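Input: a single structure, listed below in structure tokens.
The values are calculated or read from the model by the stated rules, or taken from the named source; none is laboratory data. Note that the coordinates shown come from a computational prediction; the quantities given were computed from them, not determined experimentally. Cβ coordinates were reconstructed from backbone atoms using ideal geometry, including for glycine residues, and neighbour counts include every protein chain displayed. Quick note on the areas: whole protein, heavy atoms, side chains included, nothing else; ligands and nucleic acids left out. Shrake-Rupley method; radii C 1.70, N 1.55, O 1.52, S 1.80 Å.
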Amino acid sequence: MQATFDHTETVGPNIHTLWFQPERPLRFVAGQFVELYLPGTFAGNNFRQFTISSSPHDSLLGITVRFDAVQLSAYKRALAALQPGDHVRVLEPMGDFVLPKASSIPLVFVAAGIGITPFKSMLEWLTEEHEQRPIQLLQAARTPDLLLFQDVIKAYGIVPTLLVSQPDTFWHGTTGHLTAGHILEIMPSDPETLIYIAGPETLVDTLRVGLTAQGVDNARIVTDRFTGYQATY
């Protein structure tokens, strides 16, 4: 379907949420993604996949993108150059990185960098639905100012576990790189617990391997792998 670019919202250093008005209401489940097509051809195609960061209740469609200050792909340069009123094309949302139907299942959300976006959508939707679930959230970023969407997290009532690999002089929290051990530290003992991991694909794969090596059933791990992003957090 066609969508019209509406506006850009800055949410972090070189990180922006781009808002679009779909030509008709877009139905999706929090955590899903869309393919976004721009006019022109970039490295063989003119589309990229983006996790939806807006809530299913929002009238506008939001995707959150990091624009590297030093080097941008041709596609991202075109994306950054969009002006209000410009038209793009989006495919119907897809993906199975979504909440389980049973609201009693304990959940561990693990977000690395821009991987916080599907959880932002989920938490906004849960807040709007007045649905409380047992959720632990571990969020990792390179620097404190890249710990995005703290307002959304706190609005849901979660006290997140925050991890920064490159702290500044004002950071007094936990430092280091994200490992499977950090996840195991906050994981409930309930055998039904599901672990949702979103972030750079290499890191997500490494965390999965680390968890299964520690005896976590692979079926309890749900992942959203982001391509084109730095793997170290």
Using mean Cβ contacts within 10 Å as the protection proxy, how do 87-93, 171-177 order, highest first?
87-93, 171-177
Suppose a student asked you for the relative contact order of segment 166-233, using Cα pairs under 8 Å spaced at least 6 residues apart; what percent would you report?
37 percent
Ignoring ligands, DNA and RNA, what percent of the 1.4 Å accessible area of the chain is carbon and sulfur?
51 percent
Quick check: pseudo-label points 7 Å beyond the Cα along Cα→Cβ at PHE170 and SER189, how many nm apart are they?
4.0 nm
Tell me, what is the FRET efficiency for LEU72 and PHE47 to the nearest 0.05, using R0 = 22 angstrom and their Cβ-Cβ distance as r?
0.85
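Around THR193, with a cut-off of 14 angstrom between Cβ atoms, what is the net charge of the other residues, counting Lys and Arg +1 and Asp and Glu -1?
Computed value for this residue: -2.
Mind running the shape call on the chain? Use the C-alpha gyration tensor, a ≥ b ≥ c as the square roots of the eigenvalues: rounded below 1.5 for a/c, prolate if a/b tops b/c, oblate otherwise. Can you show the working numbers first?
On the way: a/c = 1.71, a/b = 1.41, b/c = 1.22.
Prolate, since a/c reaches 1.5 and a/b exceeds b/c.
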State, to one decimal in nm², a quarter of the convex hull surface area for the C-alpha atoms of segment 1-107, i.e. the direction-averaged projected area.
7.8 nm²
Compute the distance in nm between two label points, each set 7 Å from the Cα along the Cα-to-Cβ direction, one at ASN14 and one at GLN150.
2.2 nm
Would you mind calculating the relative contact order of segment 1-134 from Cα pairs under 8 angstrom and at least 6 residues apart, reporting the percent as a whole number?
32 percent
How far is the Cα center of segment 202-228 from the Cα center of segment 1-62, in Å?
26 Å
Amide H within-cut-off set for VAL222, under 5 Å, with H built and near neighbours excluded:
ILE195, TYR196, ILE197
Over the chain, calculate the relative contact order: mean separation of alpha carbon pairs under 8 Å at least 6 apart, over the residue count, as a percent.
19 percent
